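Before any comments, here is the structure.
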Amino acid sequence: MTYTLILLRHGQSEWNEKNLFTGWVDVPLTEQGREEARRAGELLKDADLLPEYLFTSRLQRAVVTSAIALEAAGRTWIDVTRDWRLNERHYGALQGKDKAETLQEFGEEQFMLWRRSFDTPPPPIDPADRWAQTNDPRYADLDEVPRTECLKDVIERLVPYWDAEIAPVIRSGKRVLITAHGNSLRALVKHLDGVSDEDIVGLNIPTGIPLVYELDEDLKPITKGGQYLDPEAAAEAAAAVAAQGSAKPKA
Ligand SMILES: O=C(O)[C@@H](CO)OP(=O)(O)O
């Protein structure tokens, strides 16, 4: 028995376009992001990979991407679970800051530590900061809303959720679509593929291109890294994500 899992990073958001650190700030998609979501749905339909269950984060860029993609695939009706544990990594005090200016101000080493290291979180956000999630009603069920997270923290919230909530749906035989974020998906890919703490630094996930995993009965990937439905576009877009800060990004 094998299973199919589809991972989809949301389409371009307004802050991807502006090159700002986003994290838990709930920014909308751009028109290009909506178009990427439509194309993702069409790619799924063309590949005959129609989703049967949806998991998303609680952030509108993932929620809306999944809605548009499912509409394009003719699958708006499938059951859905939205959970904060699929949210983007909380970017702490960097939320709302320009990536290129941050790189300039702090230098490449510190910038990359905050952005891609496994266990160095950015400084915590002030709860009174306009970009903090203090008192956001969508997180009323959390004991404490994060003030910053590194990738390790994301793995610690996401893997138990994967085991308890997502894996059983996959094992029930449903083709699951997870629509989430650059860093929450990096955390999941790290877990699935067993990527080392060092190698995960170099992994970037492009917006809006479905990444398909075939999983064995232990839910381990049959092919490490999965398969993007548009591999050329994915490689180009992942390189653009990697270059954010040093150049004006595409995603
Ligand atoms: O700003 C963010 O929340 C993420 C994703 O857009 O950015 P980065 O790729 O720099 O981790």
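The values are calculated or read from the model by the stated rules, or taken from the named source; none is laboratory data. This structure is a prediction, so every number in the text was calculated from the model and none was measured. Counting neighbours? That spans all protein chains shown, and the Cβs are built from the backbone with ideal geometry, glycine included.
Please determine whether any residue of segment 72-92 is of a type in the set (V, I, T) and within 17 Å of G182 (Cα to Cα). So far as segment 72-92 goes, no, none of its residues is of a type in the set (V, I, T) and within 17 Å of G182 (Cα to Cα). Report whether or not G226 is in contact (Cβ under 8 Å) with a residue 40 or more places away in the chain and closer than 25 Å to L50 by Cβ. Yes. The set of residues from segment 152-166 being among the aliphatic types (A, V, I, L, M), in contact with a helix residue (DSSP H, G or I) (Cβ under 6 Å, 6 or more places away or on another chain) and in contact (Cβ under 8 Å) with a residue 60 or more places away in the chain comprises V154, L158.
Of the listed requirements (1) under 22 Å from L211 (Cβ atoms); (2) surrounded by 14 or more Cβ atoms within 10 Å (Cβ to Cβ); (3) away from the ligand (no atom under 14 Å from the Cβ), A132 misses just one: (1). Selection of first residues in segment 11-35 that are surrounded by 23 or more Cβ atoms within 10 Å (Cβ to Cβ) and of second residues that are among the basic types (K, R) and at pLDDT below 95, restricted to Cβ pairs under 8 Å at least 6 apart or on distinct chains, gives the following pairs, ordered by first then second residue: Q12/K250.
Taking each residue of segment 73-90 that is among the small types (G, A, S) and looking for partners that are away from the ligand (no atom under 16 Å from the Cβ) with beta-carbon atoms closer than 8 Å, six or more apart or interchain, yields A73/G41; A73/E42; A73/L44; A73/K45; A73/L50; A73/P51; G74/K45; G74/L50. Scanning segment 1-42 for residues that are within 16 Å of the ligand (Cβ to nearest atom), farther than 14 Å from A67 by Cα and either outside any loop (DSSP other than H, G, I, E, B) or at pLDDT below 95 (or both) gives L7, S13, E14, W15, N16, E17, K18, L20, Q32. Helices (runs of 4 or more DSSP H) fully within segment 94-198 that include at least 3 residues being touching a Leu at 6+ places or on another chain (Cβ under 7 Å): 182-193. Checked against (1) farther than 20 Å from D26 by Cα; (2) in contact (Cβ under 8 Å) with a residue 24 or more places away in the chain; (3) among the hydrophobic types (A, V, I, L, M, F, W, C); (4) within 13 Å of the ligand (Cβ to nearest atom), L113 meets all criteria but (2).
You will find that of L70, L50, the residue that is closer than 23 Å to P221 by Cβ and either more than 16 Å from the ligand (Cβ to nearest atom) or not basic (K, R) (or both) is L50 and no other. Looking across segment 75-99 at every residue that is more than 10 Å from the ligand (Cβ to nearest atom) and among the hydroxyl-bearing types (S, T, Y), the one that is surrounded by the fewest Cβ atoms within 10 Å (Cβ to Cβ) is identified as T81. Test P121 against the stated conditions and say whether it is in contact (Cβ under 8 Å) with a residue 12 or more places away in the chain and within 13 Å of the ligand (Cβ to nearest atom). The answer is yes for P121.
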